[in-house]
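Q: Take this structure, written in structure tokens, and hold onto it; I'll ask about it next.
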Amino acid sequence: MYDIPFLDLPPLTGAAGTVRLPGSKSISNRVLLLAGLCEGQTLVHDLLDSDDTRVMLQALRQLGCGIEDDAGSGALRVTGLGGRLQQHEAALFLGNAGTAMRPLTAALALLAATQGGRFELSGVPRMHERPIGDLVEALRQLGCGVECLGQEGYPPLRLTGRAGGAVDTAAPIRVRGDVSSQFLTALLLALPLVSGDAPITVEVQGELISKPYIDITLKLLARFGIEVQRDGWERFTIPAGSAYRSPGEVWIEGDASSASYFVALGAIAATGAPVRIEGVGSESIQGDVAFVDAARAMGAAVTLGPNFIEVQRGAWPLRALELDCNHIPDAAMTLAVMALYARGATRLTNIASWRVKETDRIAAMAAELRKVGAAVVEGADFIEVSPPAGSGWRPAAIHTYDDHRMAMCLSLAAFNPLAGAQPVVPVRILDPKCVGKTFPDYFETLFGLATADRAQVPVITIDGPTASGKGTLASSVAQALGYHTLDSGSLYRVTALAALARGVDTTDGAAMAALARGLNLRFEGERLLLDGQDVSAELRREEVGSTASRISALPELRAALYAVQLAFRRAPGLVADGRDMGTVIFPDAPLKVFLTASPAMRAERRYKQLISKGISASIDGLRADLEARDERDRNRLIAPLKPAQDALLLDNSAQTVEVSTAMVLQWWAQRGPFSTTGGGTPQP
Ligand code: DC
């Protein structure tokens, strides 16, 4: 997950490959609650690990449910309360998770009213702006003690009751269904707690929205032994004597709403091989798979399997659409972004519920799509999007409003080259970690499937002499930007290590080049694996370093490593350090830094590094050694160590890494299209 202030997506041009979806948020939190309320243990497989499920799990733990990892299966073992409160008082913080707030409110209100208790439920400020009044009203009709601690009709809430109390379920319970279907879901999930000799009936007032989500609720209740009878979408009856029964094991489907981004990706960018999405398909219980029909209507070529979806580009440009999206409120947001790639205006209607979600999604979507250049008309319950003209695309810094779906949707604007954008533009996603609500690895997954023109992928080069701190600075800059790193020295070092180990003549250029080409290397973060073995520590040995310095003068070897280094230039971007990153390998890099420090300072740093690893050394010896190496790196005929003409010099002799990093980031900001002083159009 990118825990950084912003993530810049370069212009992207294609996509192909397979994505395994994280578990569905809606199913995960419903299953957790049901498993927490029922008797006995439930083994939950493929649970979504995200912000919203984490708050639900934490709440269940506070209430006394057993939550353990099942070592054998990797599943989660939930031991339920069996309908009996263990804790009669708790303060539960539920973040911005509607799927936790609404059902826990209903369940704890009923439990407190009958068994006695006092529970306070709160969330982030946005949660306290999301209405819950209709549910509160319904619970009060039953005789539950529900207090709104801030504004009436909104969380935070206090739920109270006395032991031995009763709730009145004789009359039908009326709940409104036209603001959020989650109020009805909450009641249906919780009411079996107070099931007795008579059936309990819930009546929906107003047109029920998001019906497919009620379907998920009913199907999961059935898995836990509760067969709700449904009359149309107006009356729901829980039979007398209903009791939750654990099914023993439950498998969570992939998230169909999350699938929508990859369906869109395929429709927009899969011009060769398809994008294959695993974890949902035609047998899904999630209504959002109906998104596939909408995507097809816009032109996507879709093959639907029981548990997978394969998507390729069909019609292009996409076809504009007018669609009632009431049945797919969440996935419909993705259609609003697909509209950027359609001919004409796409109008999505009957989406008033967008206004009470993680943010006011109609307003947010309109504002952010306008930033990238689209023309947008919004109304109380609709949005209409017309794509930018080719010259109308703008590099936009996208606000995400702490809304995962805003971040994931707008990331698709990075495919503007496919819409004929002139010039092509990057997209900046602010607060990218908001995707943690449902899809923590969303961007990594996207970058794994997407392709970009190499020239469009930004590179920062950091060259300099040995022990100048290039590697440390490069890692730190890369981390701040979410970019990949290339420690090019490690390629020379690992070739040296392999040559020493295998007895290859280190002066024979052709042999060394052949050796380098055949190396089986894998980079895992900061670690380098040679033939599957982690050799990161060995690469730092002095003998390896000095051999690397000598062999790096061989033209054949440098040529062999050229393509290897270019391949590191992948979205979202690269920070490459070495000797010739700015001069030879990435001469078009928009920012080149030449890092230096005095020989005395570098010798001292290297000395401390070695001593800390328990290796004895002398400062004078190290200094002589590194000056000799500087000399050799500077004077070799091929790719000598020297600053690129357009490099910025940074002497870090008296600077901490933090200060150097801030300096480089400031230079970078000045060059990008998002700077107010640099080129491009600044966006608020
Ligand atoms: O940065 P380092 O000490 O890990 O590099 C090891 C050797 O590799 C160094 O002495 C010079 C060589 N090298 C090079 O010639 N070109 C690069 N881009 C990086 C390193």
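Q: Under 7 Å by Cβ, and 6 or more places apart or on different chains, what pairs join a residue from the range 490-505 that is more than 16 Å from the ligand (Cβ to nearest atom) with one that is open to solvent by less than 40 Å² (accessible area, probe 1.4 Å)?
A: Val504/Ala511; Val504/Met512; Val504/Leu515; Asp505/Ala511
Q: Same structure again: Would you check if there is a residue in the range 28-47 being open to solvent by less than 30 Å² (accessible area, probe 1.4 Å) and closer than 29 Å to Ala571 by Cα?
A: No, there is no match, as no residue in the range 28-47 is open to solvent by less than 30 Å² (accessible area, probe 1.4 Å) and closer than 29 Å to Ala571 by Cα.
Q: Whether any residue in the range 168-188 is of a type outside the set (A, V, I, L, M, F, W, C), open to solvent by less than 50 Å² (accessible area, probe 1.4 Å) and part of a strand (DSSP E or B) is what I want to check.
A: No.
Q: Additional query: Look through Glu538, Glu524, Glu542 and report the one residue that is within 12 Å of the ligand (Cβ to nearest atom), closer than 30 Å to Ile611 by Cα and open to solvent by 20 Å² or more (accessible area, probe 1.4 Å).
A: Matching residue, one of Glu538, Glu524, Glu542: Glu542.
Q: Please state which one of Gly117, Gly206, Gly145, Gly161 is modelled with pLDDT under 95 and in contact with a strand residue (DSSP E or B) (Cβ under 7 Å, 6 or more places away or on another chain). Outline the logic, then answer.
A: Working: Gly117 fails: modelled with pLDDT under 95; Gly145 fails: modelled with pLDDT under 95; Gly161 fails: modelled with pLDDT under 95.
Selected residue: Gly206, the only one of Gly117, Gly206, Gly145, Gly161 that is modelled with pLDDT under 95 and in contact with a strand residue (DSSP E or B) (Cβ under 7 Å, 6 or more places away or on another chain).
Q: Evaluate the following for Ala198: is it more than 27 Å from Ile328 (Cα to Cα), open to solvent by 40 Å² or more (accessible area, probe 1.4 Å) and modelled with pLDDT of 95 or more? Write out each step before concluding.
A: Numbers: more than 27 Å from Ile328 (Cα to Cα): yes; open to solvent by 40 Å² or more (accessible area, probe 1.4 Å): yes; modelled with pLDDT of 95 or more: yes.
The answer is yes for Ala198.
Q: So, in the range 220-238, of the ones that are open to solvent by less than 60 Å² (accessible area, probe 1.4 Å) and not hydrophobic (A, V, I, L, M, F, W, C), which residue ends up farthest from Leu188 (Cα to Cα)? Show your work before the answer.
A: Restricting attention to the range 220-238, the residues satisfying the condition of being open to solvent by less than 60 Å² (accessible area, probe 1.4 Å) are 220-222, 224-226, 228, 232, 236-238.
Pick out the ones that are also not hydrophobic (A, V, I, L, M, F, W, C) and you get 225, 232, 237.
Numbers: Gly225: 13, Gly232: 15, Thr237: 9 Å.
Ranking the qualifying residues of the range 220-238, first place goes to Gly232.
Q: Would a scan of the range 495-515 turn up a residue that is under 30 Å from Glu444 (Cα atoms) and either open to solvent by 10 Å² or more (accessible area, probe 1.4 Å) or touching a strand residue (DSSP E or B) at 6+ places or on another chain (Cβ under 7 Å) (or both)? Show your work before the answer.
A: First pass over the range 495-515, keeping only residues under 30 Å from Glu444 (Cα atoms): 495.
Keeping just the survivors that are either open to solvent by 10 Å² or more (accessible area, probe 1.4 Å) or touching a strand residue (DSSP E or B) at 6+ places or on another chain (Cβ under 7 Å) (or both) gives none.
No.
Q: Same structure again: Given the structure, is Arg570 within 30 Å of Tyr2 (Cα to Cα) and either away from the ligand (no atom under 12 Å from the Cβ) or charged (D, E, K, R) (or both)?
A: On the way: within 30 Å of Tyr2 (Cα to Cα): yes; either away from the ligand (no atom under 12 Å from the Cβ) or charged (D, E, K, R) (or both): yes.
For Arg570, the condition - within 30 Å of Tyr2 (Cα to Cα) and either away from the ligand (no atom under 12 Å from the Cβ) or charged (D, E, K, R) (or both) - is met.
Q: Regarding Val664, is this residue more than 15 Å from the ligand (Cβ to nearest atom), hydrophobic (A, V, I, L, M, F, W, C), crowded, with 19+ Cβ neighbours inside 10 Å and modelled with pLDDT of 90 or more?
A: Considered against the rule, which asks whether it is more than 15 Å from the ligand (Cβ to nearest atom), hydrophobic (A, V, I, L, M, F, W, C), crowded, with 19+ Cβ neighbours inside 10 Å and modelled with pLDDT of 90 or more, Val664 comes out as yes.
Q: Check whether at least one residue in the range 66-79 is assigned to a loop (DSSP other than H, G, I, E, B), within 11 Å of Leu32 (Cα to Cα) and touching a strand residue (DSSP E or B) at 6+ places or on another chain (Cβ under 8 Å), and report yes or no. Steps first, please.
A: From the range 66-79, those assigned to a loop (DSSP other than H, G, I, E, B) are 70-75; that's our starting set.
Retained after the next criterion (residues that are within 11 Å of Leu32 (Cα to Cα)): none.
No, the range 66-79 contains no residue that is assigned to a loop (DSSP other than H, G, I, E, B), within 11 Å of Leu32 (Cα to Cα) and touching a strand residue (DSSP E or B) at 6+ places or on another chain (Cβ under 8 Å).
Q: Criterion first (modelled with pLDDT under 95, away from the ligand (no atom under 16 Å from the Cβ), among the polar types (S, T, N, Q) and open to solvent by less than 10 Å² (accessible area, probe 1.4 Å)) does Thr438 satisfy it? Give the derivation first.
A: On the way: modelled with pLDDT under 95: yes; away from the ligand (no atom under 16 Å from the Cβ): yes; among the polar types (S, T, N, Q): yes; open to solvent by less than 10 Å² (accessible area, probe 1.4 Å): yes.
Answer is yes for this residue.
Q: Now, a different point. Need pairs with beta-carbon distance below 9 Å; first residue of a type in the set (Val, Ile, Thr) and within the range 625-636, second near the ligand (Cβ under 8 Å from one of its atoms); sequence gap 6+ or separate chains.
A: none
Q: While we're looking at this one, here's another question. Checking Ile351 against (1) open to solvent by 10 Å² or more (accessible area, probe 1.4 Å); (2) farther than 19 Å from Leu9 by Cβ, which single condition isn't satisfied?
A: (1)
Q: Continuing with this model, one more query. Open to solvent by less than 10 Å² (accessible area, probe 1.4 Å) and either touching a helix residue (DSSP H, G or I) at 6+ places or on another chain (Cβ under 8 Å) or in a loop (DSSP other than H, G, I, E, B) (or both): is that true of Ile209 in this structure?
A: no
Q: Pairs only if they're at least six apart or on different chains, beta carbon under 6 angstrom, first in the range 452-480 and more than 23 Å from Ala600 (Cβ to Cβ), second assigned to a loop (DSSP other than H, G, I, E, B) and among the aliphatic types (A, V, I, L, M); list them, first residue then second.
A: Hits for this filter: Ala452/Leu12; Ala452/Ala571; Val457/Ala571; Val459/Ala589; Thr461/Ala589.
Q: How many of the residues in the range 463-488 are on the phi < 0 side of the Ramachandran plot and in contact with a helix residue (DSSP H, G or I) (Cβ under 7 Å, 6 or more places away or on another chain)?
A: From the range 463-488, those on the phi < 0 side of the Ramachandran plot are 463, 465-466, 468, 470-481, 483-488; that's our starting set.
Subsequent filtering for residues that are in contact with a helix residue (DSSP H, G or I) (Cβ under 7 Å, 6 or more places away or on another chain) retains 463, 465-466, 468, 472-473, 476-477, 480, 484-488.
Adding up the residues that qualify gives 14.
Q: From the residues in the range 641-652 that are in contact (Cβ under 8 Å) with a residue 40 or more places away in the chain and open to solvent by 30 Å² or more (accessible area, probe 1.4 Å), which one is nearest to the ligand (Cβ to nearest atom)? Steps first, answer last, please.
A: Initially, the range 641-652 is screened for residues in contact (Cβ under 8 Å) with a residue 40 or more places away in the chain, giving 641-644, 646-652.
Of the ones still in play, those that are also open to solvent by 30 Å² or more (accessible area, probe 1.4 Å) are 642-643, 646, 648-649, 651.
Values: Lys642: 12, Pro643: 13, Asp646: 18, Leu648: 18, Leu649: 18, Asp651: 18 Å.
Top of the filtered list is Lys642.
Quick grid of which residues meet (1) within 33 Å of the chain's Cα centre (by Cα); (2) within 15 Å of Gln87 (Cβ to Cβ); (3) hydrophobic (A, V, I, L, M, F, W, C):
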| residue | (1), (2), (3) |
| --- | --- |
| Ala107 | yes, yes, yes |
| Ser122 | yes, no, no |
| Leu135 | yes, no, yes |
| Val146 | no, no, yes |
| Leu159 | no, yes, yes |
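Q: Here's another thing I want to ask about it. If only one of Ala300, Ala315, Ala331, Ala295 is open to solvent by less than 40 Å² (accessible area, probe 1.4 Å) and free of Cβ contacts under 8 Å to residues at least 24 places away in the same chain, which one is it? Give the derivation first.
A: Working: Ala300 fails: free of Cβ contacts under 8 Å to residues at least 24 places away in the same chain; Ala331 fails: free of Cβ contacts under 8 Å to residues at least 24 places away in the same chain; Ala295 fails: free of Cβ contacts under 8 Å to residues at least 24 places away in the same chain.
The conditions single out Ala315.
Q: From the list Ser391, Ser386, which residue is surrounded by fewer than 17 Cβ atoms within 10 Å (Cβ to Cβ) and among the polar types (S, T, N, Q)?
A: The match here is Ser391.
Q: Moving to a separate point now. Where in the range 329-412 are the helices (runs of 4 or more DSSP H), entirely inside, with at least 2 residues that are under 13 Å from Ile429 (Cβ atoms) and modelled with pLDDT of 95 or more? Give the derivation first.
A: Working: elements: 332-338, 361-372, 404-411.
Counting at least 2 such residues, we get 361-372, 404-411.
Q: Let me confirm something: among Leu159, Leu189, Leu108, which residue is closer than 25 Å to Ser24 by Cα and without any contact (Cβ under 8 Å) to a residue 60 or more places away in the chain? Working first, answer last.
A: On the way: Leu159 fails: closer than 25 Å to Ser24 by Cα; Leu189 fails: without any contact (Cβ under 8 Å) to a residue 60 or more places away in the chain.
Only one candidate passes the filter, namely Leu108.
Yes/no matrix, rows are residues, columns are (1) open to solvent by 20 Å² or more (accessible area, probe 1.4 Å); (2) within 12 Å of the ligand (Cβ to nearest atom); (3) closer than 30 Å to Ala414 by Cβ; (4) at pLDDT 95 or above:
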{"residue": "Arg550", "(1), (2), (3), (4)": "yes, yes, no, no"}
{"residue": "Ala553", "(1), (2), (3), (4)": "yes, yes, no, no"}
{"residue": "Tyr562", "(1), (2), (3), (4)": "yes, yes, yes, yes"}
{"residue": "Leu574", "(1), (2), (3), (4)": "no, no, yes, yes"}
{"residue": "Ile585", "(1), (2), (3), (4)": "no, yes, yes, yes"}
{"residue": "Ala589", "(1), (2), (3), (4)": "no, no, yes, yes"}
{"residue": "Thr596", "(1), (2), (3), (4)": "yes, no, no, no"}
{"residue": "Glu604", "(1), (2), (3), (4)": "yes, no, no, no"}
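Q: Here is a further query. In the range 619-640, which residue that is under 13 Å from Thr466 (Cα atoms) and open to solvent by 80 Å² or more (accessible area, probe 1.4 Å) is nearest to the ligand (Cβ to nearest atom)?
A: Arg632
Q: Any residue at all in the range 101-108 that is at pLDDT 95 or above and in a strand (DSSP E or B)? Full working, then the answer.
A: So the first thing to find is which residues in the range 101-108 are at pLDDT 95 or above, and the list is 101-108.
Filter once more, keeping what is in a strand (DSSP E or B): none.
The answer is no, given that none of the residues of the range 101-108 is at pLDDT 95 or above and in a strand (DSSP E or B).
Q: Here's another thing I want to ask about it. Which of (1) assigned to a helix (DSSP H, G or I); (2) surrounded by 22 or more Cβ atoms within 10 Å (Cβ to Cβ); (3) at pLDDT below 95 does Ile214 not meet, given it meets every other one?
A: Answer for Ile214: the failing condition is (3).
The values are calculated or read from the model by the stated rules, or taken from the named source; none is laboratory data. Everything numeric here is computed off the predicted structure, so don't read it as measured data. Heads up, the Cβs are rebuilt from the backbone with ideal geometry, glycines too, and the neighbour counts pull from every protein chain shown. These area figures cover heavy atoms from the full protein model, side chains too; ligands, DNA and RNA do not enter into them. Shrake-Rupley method; radii C 1.70, N 1.55, O 1.52, S 1.80 Å.
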